[in-house]
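Enquirer: One structure is given below, represented as C-alpha cells, and several questions about it will come after.
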Amino acid sequence: MGDVNLTEHELRHADGDFRVVVLSGGSDIHGNQPCAAVFGEPEDGCLVRIHSRCVYGEIFESVDCDCRDQLRQSMAMMRKAGSGVLIYLDQEGRGAGLLAKALGYQLTQREGLDTFSSYRVLGLPEDSRSYGDAVAILRSLKLRRVRLLTNNPAKVAALSTADVQVEQQPFLVRGQSVEARRYLAAKARFGHTISLAELEADAARDRWRWLHRLLRRTWRRPAPSAPERATATVVELPVPTVNPVEQQDRPTDLVS
Ligand SMILES: Nc1nc2c(ncn2[C@@H]2O[C@H](COP(=O)(O)OP(=O)(O)OP(=O)(O)O)[C@@H](O)[C@H]2O)c(=O)[nH]1
C-alpha cells in the first residue's frame, strides 16, 4: 500500500453531528474509497467497529441478516461512549460482491444451504475480505489500541498482525428475526464467537412472547353475546269513537 491520505469533514446528523474521513491511496478495490464515521475525539482504547457493506440489510432493511442492527447499534454505542470510530468497507457479500451474494441467496433459498455452503458450491471463498484499509484508517487516526465491536476472529487477527492491540467486544444484537438467527447460527458454525445457546434462548423467548400475546388476545376477546330475542312491538290500535246520537238510539235492555 502506498501513501494513504484522509480527507475529512463534518457531517450533520439528527442524533448528533460527527466527522467523516475518506481514505484515498488504500486498496481501492472497486473504486469506492473506504470511509469512517469518527465520533468525538477517539483515543487509544476507544470503541471501533469495522463494518462491511450490506445493501440488503442497510438499504432495503432486510431482516435476513443482522447488518443493519449492528450498524445502528455501533453508532449508538459510540455516541453514548462519547467517542469511537465506525469504519465502513465496501466489501459487499463478505468481499465477493453483490452478484455473488445474490447467487448465494438464490442457492440458499432453492437448496436450503447456509450462506457459507452456497459460496462453496459456487466455487467462491467463504470470506474474501481484507482489513488493510481499516488498519490504514486506524493508523492515520493514531490509534494503536482499540475495543473492537465484533464476533469475527478474522478481524481481530487482521488488526493484531498489523500491530494494533485489540480487545474484542462481543457484539450480538438481540431480538433478531428467525431468518437472521439462522444466519447468525451459520456464522457461529463458521467460527464467529456467537453462542448457539444464547441464540436458542433468544428463540425460546420469542416463542414465549408469541404465545403470551396469543393468550392475552384470546382472554380479552368479548364473551359471545346471547342469541337475540325478538322484541315485542307495541301496535297502537285505533280507538273506535262512539257517536252520541247512535248511543241514545241504542236499546237500553241490551245493557241492563
Ligand atoms: N453471501 C452473503 N453475504 C451476506 C449475507 N448477509 C450479510 N452478508 C454480508 O456479510 C458481510 C458482513 O459480514 P458478517 O459475516 O455478517 O459479519 P462480520 O462483519 O464478519 O462479523 P461481525 O463483526 O461480528 O459483524 C457484509 O459484507 C454483508 O454484505 C448473506 O446472506 N449472504
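The values are calculated or read from the model by the stated rules, or taken from the named source; none is laboratory data. Values in this document were obtained by computation on a predicted structure and should not be read as measured data. With ideal geometry, Cβ positions are generated from the backbone for all residues, glycine too; neighbour counts draw on all protein chains shown. Just the protein is used for accessible areas: all its heavy atoms, side chains included, with ligands, DNA and RNA removed. Shrake-Rupley method; radii C 1.70, N 1.55, O 1.52, S 1.80 Å.
Enquirer: Under the Karplus relation 6.51 cos²θ - 1.76 cosθ + 1.60, θ = phi - 60°, what is the ordered set of whole-Hz ³J(HN,Hα) values for the stretch 49-66, x standing for Gly and Pro?
Expert: Running phi through 6.51 cos²θ - 1.76 cosθ + 1.60 with θ = phi - 60° gives 10, 10, 10, 9, 4, 9, 4, 4, x, 7, 9, 7, 6, 5, 9, 6, 9, 9 Hz.
Enquirer: Return the lysines within reach of Lys187: Cα separation strictly under 29 angstrom, same-chain partners fewer than 8 residues apart disregarded; answer none if there are no such residues.
Expert: Once the sequence-local lysines are set aside, what remains near Lys187 is Lys80, Lys101, Lys155.
Enquirer: Between Trp210 and Thr161, what length comes free when the chain is fully extended (0.36 nm per residue of separation minus the Cα-Cα distance, one decimal in nm)? Display every interim value, and only then the final one.
Expert: Details: separation 49, 0.36 × 49 = 17.64 nm, distance 4.59 nm.
Full extension from Trp210 to Thr161 adds 13.0 nm.
Enquirer: Just grab the label-to-label distance for Glu198 and Val178, each label 7 Å out from Cα along the Cβ direction, in nm (one decimal).
Expert: 2.3 nm
Enquirer: Okay, next question. From the P(r) of the stretch 177-218, could you give the percentage of C-alpha pairs in the tail past 15 Å?
Expert: The share of Cα pairs beyond 15 Å in the stretch 177-218 comes to 48 percent.
Enquirer: Here is a further query. Quick one: what do you get for the stretch 84-149 if you divide its Cα Rg by 2.2 N^0.38 Å?
Expert: Details: Rg = 15.4 Å, N = 66, 2.2 N^0.38 = 10.8 Å.
Here the answer is 1.43, to two decimals.
Enquirer: Quick one: which residues, 5+ away or cross-chain, put their amide H under 5 Å from the amide H of His51? H built at 1.01 Å from N.
Expert: Excluding prolines and chain starts, which carry no amide H, the hits are Ile87, Tyr88, Leu89.
Enquirer: Indicate, rounded to the nearest 5 percent, the antiparallel portion of the DSSP beta bridges found entirely in the chain. Display every interim value, and only then the final one.
Expert: Values: 16 of 29 bridges.
Percent antiparallel among DSSP bridges in the chain is about 55.
Enquirer: Then there's this: For the chain, give the percent of accessible area contributed by carbon and sulfur heavy atoms, probe 1.4 Å, rounded to a whole number.
Expert: Numbers: 8670 of 16170 Å².
Carbon-and-sulfur percentage of accessible area, whole number: 54.
Enquirer: Sticking with this structure for a sec: Restricted to Cα positions, what overall size does the chain have along the principal axes? Three whole-Å values, descending.
Expert: 136, 45, 32
Enquirer: Same structure, new question: What are the radius of gyration and Dmax of the stretch 82-193, computed over its Cα atoms and given in Å?
Expert: Expressed in Å, the Cα Rg and Dmax of the stretch 82-193 come to 15.6, 47.
Enquirer: State in Å² the accessible area per residue of the chain; use a 1.4 Å probe, count heavy atoms of protein chains only, and round to the nearest integer. Working shown, then result.
Expert: Values: 16170 Å² over 256 residues.
Heavy-atom accessible area per residue stands at 63 Å².
Enquirer: Same structure again: Go through the stretch 150-162 residue by residue and turn each phi into a ³J(HN,Hα) via Karplus (6.51, -1.76, 1.60, θ = phi - 60°); whole Hz please, and just put x for glycine and proline.
Expert: 6, 10, 9, x, 5, 5, 4, 4, 4, 6, 4, 5, 9
Enquirer: For the chain, what is the mean residue ellipticity at 222 nm derived from helices alone (per DSSP H run of n ≥ 4: -39500 (n - 2.57); sum divided by total residues; nearest 500 deg cm²/dmol)? Before the final figure, lay out the partial values.
Expert: Details: 9 runs with 101 residues, N = 256.
It lands at -12000 deg cm²/dmol.
Enquirer: Rg(Cα) of the stretch 1-110 divided by 2.2 N^0.38 Å? Display every interim value, and only then the final one.
Expert: Values: Rg = 15.4 Å, N = 110, 2.2 N^0.38 = 13.1 Å.
Normalised Rg, Cα atoms only: 1.17.
Enquirer: Can you order the peptides 174-183, 36-45 by their average number of other Cβ atoms within 10 Å per residue, highest first?
Expert: Working: 174-183: 15.7, 36-45: 18.3.
Result, highest mean first: 36-45, 174-183.
Enquirer: Taking one equal scatterer on every alpha-carbon of the stretch 120-174, how large is log10 of I(q)/I(0) by Debye at q = 0.22 1/Å?
Expert: Listed by q, the Debye log ratios stand at -0.85.
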